[in-house]
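Below is one structure, written out as structure tokens, with a few remarks after it.
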Amino acid sequence: SLSVLRARFVEDETHPCHDQESADAIDAVETVTYVPPADLKKDERRQAKIREEVEKARKKAHFATLDELAEKQPAFAPKVKMLARRAAEKPAMAAVEKRLTCEGLLGGKGAKHTTGIYDDAMRLAVRKFQQKHMIYEANYLRRKTVDALARPLLDNDYDDLTRVLRERVVAAASILEDG
């Protein structure tokens, strides 16, 4: 309702939940890879093994950077790209945690969250955020959710307001959606 949106606008205007550094970290990724908490150690070992393999190949070929290795030896390009993507996800995850905590969606009653891990508390916080902004994605950090988290609070509120007004116009005009 409009009264709920008004209260959200007033409250969000006073929140310092959006900072450019966090927005840049979130914008740097398209999605954040979901790794089940039970498989974290296994995933870390796999990444370390790939990192070691790529670094060994870089030294053997006498390249200065991993990007140069990926460019000159295309067989390593997917592994280098994956390592760079996963490295960018860590600050993005920290920024998402900061944003959801500031909005009061993460760290509430009863839910224990471990920093840096997409656990049940984080999943519930992401779901609440998605419901608040009517984002229809799975409860993971995918493109639409990441985009909304990177925007300032008032921008998200404005998008919510335009959606509500559009829905009211459609209802008042008795427009039926067909297909």
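Data overview
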| item | result |
| --- | --- |
| Residue among T101, T145 that alone is open to solvent by less than 10 Å² (accessible area, probe 1.4 Å) and at negative phi | T145 |
| Residue under evaluation K41, criteria (1) open to solvent by less than 40 Å² (accessible area, probe 1.4 Å); (2) at pLDDT 85 or above, criterion not met | (1) |
| Residue, nearest to Y34 (Cα to Cα), within the range 148-167, restricted to residues that are among the charged types (D, E, K, R) and surrounded by 12 or more Cβ atoms within 10 Å (Cβ to Cβ) | R151 |
| Residue in the range 54-63 that is open to solvent by 80 Å² or more (accessible area, probe 1.4 Å) and not in a helix (DSSP H, G or I) present | yes |
| Hits in the range 1-26 - residues which are surrounded by 12 or more Cβ atoms within 10 Å (Cβ to Cβ), part of a helix (DSSP H, G or I) and more than 19 Å from the chain's Cα centre (by Cα) | L5, R6, R8, F9, E11, D12 |
| Only listed residue being out of contact with any His (no Cβ under 9 Å at 6 or more places or on another chain), among the aromatic types (F, W, Y) and open to solvent by 40 Å² or more (accessible area, probe 1.4 Å), chosen from Y118, Y136 | Y136 |
| The one condition in (1) open to solvent by less than 60 Å² (accessible area, probe 1.4 Å); (2) touching a residue at least 60 places away in the same chain (Cβ under 8 Å); (3) farther than 28 Å from L5 by Cα; (4) not aromatic (F, W, Y) that A95 fails to fulfil | (3) |
| From K72, K109, residue being open to solvent by 30 Å² or more (accessible area, probe 1.4 Å), farther than 30 Å from M122 by Cα and either acidic (D, E) or modelled with pLDDT under 90 (or both) | K72 |
| Qualifying positions in the range 83-114 - under 30 Å from L69 (Cβ atoms) and under 17 Å from the mean Cα position of the chain (by Cα) | A84, R85, R86, A87, A88, E89, K90, P91, A92, M93, A94, A95 |
| The range 124-171: number of residues that are of a type in the set (A, V, I, L, M, F, W, C), modelled with pLDDT of 90 or more and farther than 22 Å from A92 by Cα | 4 |
| Test: residue in the range 78-97 that is modelled with pLDDT under 90 and assigned to a loop (DSSP other than H, G, I, E, B) | no |
| Qualifying residue in the range 31-51 (condition: assigned to a helix (DSSP H, G or I) and closer than 15 Å to M93 by Cα) | yes |
| Residue pairs meeting the criteria (Cβ under 9 Å; at least 6 apart or on separate chains; first part of a helix (DSSP H, G or I), in the range 127-146; second open to solvent by 80 Å² or more (accessible area, probe 1.4 Å)) | Q130/Y136; Q130/K144; R143/E30; K144/Y136; V146/D27; V146/E30 |
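The values are calculated or read from the model by the stated rules, or taken from the named source; none is laboratory data. As the structure is a prediction and not an experimental result, all values here were calculated from the model. Every residue, glycine as well, gets a Cβ built from its backbone with ideal geometry; the counts of neighbours run over all protein chains shown. Just so you know, the surface numbers come from the protein's heavy atoms only, side chains and all, with ligands and any DNA or RNA stripped out. Shrake-Rupley method; radii C 1.70, N 1.55, O 1.52, S 1.80 Å.
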